Amino acid sequence: MTHDHDLVLRPTAAQTEAALNPPPGRNGGDLVVETLAALGTTTVFGLPGQHALGMFDALRRSDLRYIGLRVENNAGFAADAYGRLTGEAAPLLLSTGPGALTSLAALQEAAAASAPVLAISSQVPTAGLGGGRHGYLHELPDQAASFRGVVKSVHTVRTQSQIPSAIEAAWKSALTAPHGPVWVEIPQDVLLAETSIPVVTGGDAFPEELPPRPELTAVAADLLSKAVRPAIIAGGGVVRADASGKLRQLAELLQAPVVTTPGGKGAFPWNHPLSLQSWIEDRHTTDFLEDADVLLVVGSGLGELSSNYHTFKPCGRVVQIEADLGKLESNHPALGIHADARLALQALLETVSERTDPTAPERVATVLAKVAERIDAQELTLERQVLASVRRALPADSPSFWDMTILAYWAWSAFDAKGPNHLHSAQGAGGLGYGFPAALGGAVADPTRPVLAVSGDGGALYSIAELATARQYDLNVTWLIVDDGGYGILREYMNDAFGEATATELTRPDYVALAESFGVPGVRTTPETLEADLTKALSEPGPSVVVLPAVLRMFEPTHLTA
């Protein structure tokens, strides 16, 4: 009898010939790029450094496309966006020590947002591993220790023969639900030494599936089928699992209203009769969700933003589907189902009973009317005008990438993403500088559509150097910079908390002139001309900058009085 695990893939004649007679002049870096190519990689991001030159030299002998950014953190954001849009593990090539460490904030965002990033860094020569303290340039006693608390898995290579397997294992880890960043480090001498190891021609690193336990979905289906007031919270896990279609089927079958989290933007149609849209930070929505007798939470850990800053206190039963085991029941007791959102929703679709509830659309409309009434009372005409202008200017199928800025906070609640995987922000880890470099990665992932980046002037200064990257690769990214002369949201927070703001005001450049100095066209706009200027910029190929001098305000929070 032959078992599946006894089967061995036999090499082809061409593979055998290549193995027996590998081309001369290859080194450890070639094993890196050959393994990536064998796994299906077409594009890598990064920044060279002295210890990593073996990898970068090997790129010259490969068919991989290299996109080089000016700062490692920005390269990480670009790889993050590429991974979000394509679902592939985006390789990020880095050098040792300062280069590696500069990527940490981007890898934290990738981890928080479950974006698959395959970071491959050089290391000091092998003799320095284990804290040998030989005084090598860039030496750290334990470089990998800096990443263990951030990434999904860490893989340290010590010999050339370990390279293909280590990268395959990391690739598989990055793409197994929940997706996330992984870390591989390879010593300088291993990368530079000539190799007689055959050319890497095979890669089989299919991620493991994460199906739900059938006894749990049976209970969940029974609860949902018998519910009187079911409701659904859809998080980023629905988007990452490409499960928005199944979510809609289930919601319609159960007549269950759906609200999406900031990470779940676009997971449910904005104008659907059952759509509570994304007003998850509004107390009216919170009250509605608390009143549900059965609440289905899909692909969300119900963290700070998704729980209206932990003021959400469910009264009924909670069913939580979550691929990240650490987030399962981490905030509320629930029937916890550790599973990929797509597989779990499919299981529910096969087992729930159809409900009829003619009152559901009416109850949804009532909540949205209360939300609108609350916002209307705050005289936020400028903010709503600006957001509406952005929405009208941006093509429906174009992705957008938002920095941590007031307009992005508005977008989390009030912006129709027009579809799943269209709106991305740094709301996972909350660091500045995400918007523009992420948009560059998005444009690399799909050059057929214009891409929008949105930043405040504070966040823009984090990534202004990437105007050179945008011009060098002629990427179709329009960058909207809302210039309010400082860290606008921090200014609001400090004024509210202390009556006065400190350390929030910025001396800033002329962004239009600065963009033009990079060869990137720029325009200064107004709230009245924003839609026309954005539409024009997005319709023209290549990068562009649109600067809007404006001081925007946030809508009043509801969690402070809950």
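The values are calculated or read from the model by the stated rules, or taken from the named source; none is laboratory data. All values derive from a computational prediction rather than experimental measurement. FYI the Cβ positions are ideal-geometry reconstructions off the backbone, even for glycines, and counts take in every protein chain you see. Side chains are part of the model used for accessible areas, which takes the heavy atoms of the whole protein and leaves out ligands, DNA and RNA. Shrake-Rupley method; radii C 1.70, N 1.55, O 1.52, S 1.80 Å.
Here the stretch 431-450 is the region considered, the condition is being touching a residue at least 40 places away in the same chain (Cβ under 8 Å) and open to solvent by 10 Å² or more (accessible area, probe 1.4 Å), and the residue that is nearest to residue 91 (Cα to Cα) is 445.
Quick one: would you say residue 369 is part of a loop (DSSP other than H, G, I, E, B), without any contact (Cβ under 8 Å) to a residue 24 or more places away in the chain and either in contact with a Pro (Cβ under 8 Å, 6 or more places away or on another chain) or of a type in the set (A, V, I, L, M, F, W, C) (or both)? For residue 369, the condition - part of a loop (DSSP other than H, G, I, E, B), without any contact (Cβ under 8 Å) to a residue 24 or more places away in the chain and either in contact with a Pro (Cβ under 8 Å, 6 or more places away or on another chain) or of a type in the set (A, V, I, L, M, F, W, C) (or both) - is not met. Quick check: is even one residue across the stretch 316-327 farther than 29 Å from residue 409 by Cβ and basic (Lys, Arg)? Yes, some residue in the stretch 316-327 is farther than 29 Å from residue 409 by Cβ and basic (Lys, Arg). Evaluating residue 318 against the criteria (1) in a strand (DSSP E or B); (2) touching a helix residue (DSSP H, G or I) at 6+ places or on another chain (Cβ under 9 Å) leaves one unmet condition, (2). Among the residues of the stretch 119-158, those that are among the β-branched types (Val, Ile, Thr), open to solvent by less than 30 Å² (accessible area, probe 1.4 Å), in contact with a strand residue (DSSP E or B) (Cβ under 6 Å, 6 or more places away or on another chain) and under 24 Å from residue 58 (Cα atoms) comprise 120, 157. Looking across the stretch 392-423, the residues that are open to solvent by less than 10 Å² (accessible area, probe 1.4 Å) and either polar (S, T, N, Q) or without any contact (Cβ under 8 Å) to a residue 24 or more places away in the chain (or both) come down to 398, 400, 413. Are any residues in the stretch 315-348 under 15 Å from residue 219 (Cβ atoms) and open to solvent by 60 Å² or more (accessible area, probe 1.4 Å), and if so, which ones? The answer is 317, 329, 333, 338. Of everything listed in (1) on the phi < 0 side of the Ramachandran plot; (2) open to solvent by less than 10 Å² (accessible area, probe 1.4 Å); (3) within 25 Å of the chain's Cα centre (by Cα), the single unmet condition for residue 554 is (2).
Quick one: is residue 316 farther than 13 Å from residue 558 by Cα and within 26 Å of the chain's Cα centre (by Cα)? So residue 316 fails the test. Among the residues of the stretch 288-306, is there at least one that is surrounded by fewer than 18 Cβ atoms within 10 Å (Cβ to Cβ), among the acidic types (Asp, Glu), more than 27 Å from the chain's Cα centre (by Cα) and under 24 Å from residue 557 (Cα atoms)? For the stretch 288-306, residues surrounded by fewer than 18 Cβ atoms within 10 Å (Cβ to Cβ), among the acidic types (Asp, Glu), more than 27 Å from the chain's Cα centre (by Cα) and under 24 Å from residue 557 (Cα atoms): present. Going through (1) out of contact with any Asp or Glu (no Cβ under 7 Å at 6 or more places or on another chain); (2) open to solvent by 80 Å² or more (accessible area, probe 1.4 Å); (3) free of Cβ contacts under 8 Å to residues at least 60 places away in the same chain one by one, residue 539 falls short only on (3). Does the stretch 90-111 contain any residue that is in contact with a helix residue (DSSP H, G or I) (Cβ under 8 Å, 6 or more places away or on another chain), of a type in the set (D, E, K, R), closer than 26 Å to residue 152 by Cβ and modelled with pLDDT of 95 or more? Yes, the conditions are met somewhere in the stretch 90-111. Among the criteria (1) modelled with pLDDT under 85; (2) not in a helix (DSSP H, G or I), the one residue 18 does not fulfil is (2). Under the condition of being farther than 17 Å from residue 454 by Cβ, of a type in the set (Asp, Glu) and within 26 Å of the chain's Cα centre (by Cα), the residues counted in the stretch 477-522 number 0. Only residues in the stretch 154-181 that are acidic (Asp, Glu) count as the first member; pair them with residues that are modelled with pLDDT of 95 or more and open to solvent by less than 20 Å² (accessible area, probe 1.4 Å), Cβ under 9 angstrom, at least 6 apart or cross-chain, and list the lot. Once the first residue is acidic (Asp, Glu) and sits in the stretch 154-181, its partners that are modelled with pLDDT of 95 or more and open to solvent by less than 20 Å² (accessible area, probe 1.4 Å) give 168/35.
A Cβ distance below 6 Å, combined with a sequence gap of six or more or placement on separate chains, defines the contacts here; from the stretch 462-491, residues that are within 19 Å of residue 399 (Cα to Cα) reach no residue that is modelled with pLDDT under 95 and open to solvent by less than 20 Å² (accessible area, probe 1.4 Å). The single condition from (1) in a loop (DSSP other than H, G, I, E, B); (2) open to solvent by 60 Å² or more (accessible area, probe 1.4 Å); (3) of a type in the set (D, E, K, R) that residue 355 fails is (2). Within the stretch 68-115, restricting attention to residues that are outside any loop (DSSP other than H, G, I, E, B), of a type outside the set (Asp, Glu) and more than 15 Å from the chain's Cα centre (by Cα), the residue that is surrounded by the most Cβ atoms within 10 Å (Cβ to Cβ) is 93.
Being out of contact with any strand residue (DSSP E or B) (no Cβ under 7 Å at 6 or more places or on another chain) and open to solvent by less than 70 Å² (accessible area, probe 1.4 Å) holds for only one residue in 531, 500, and it is 531. The conditions of being assigned to a loop (DSSP other than H, G, I, E, B) and within 30 Å of residue 400 (Cβ to Cβ) are met by residue 40.
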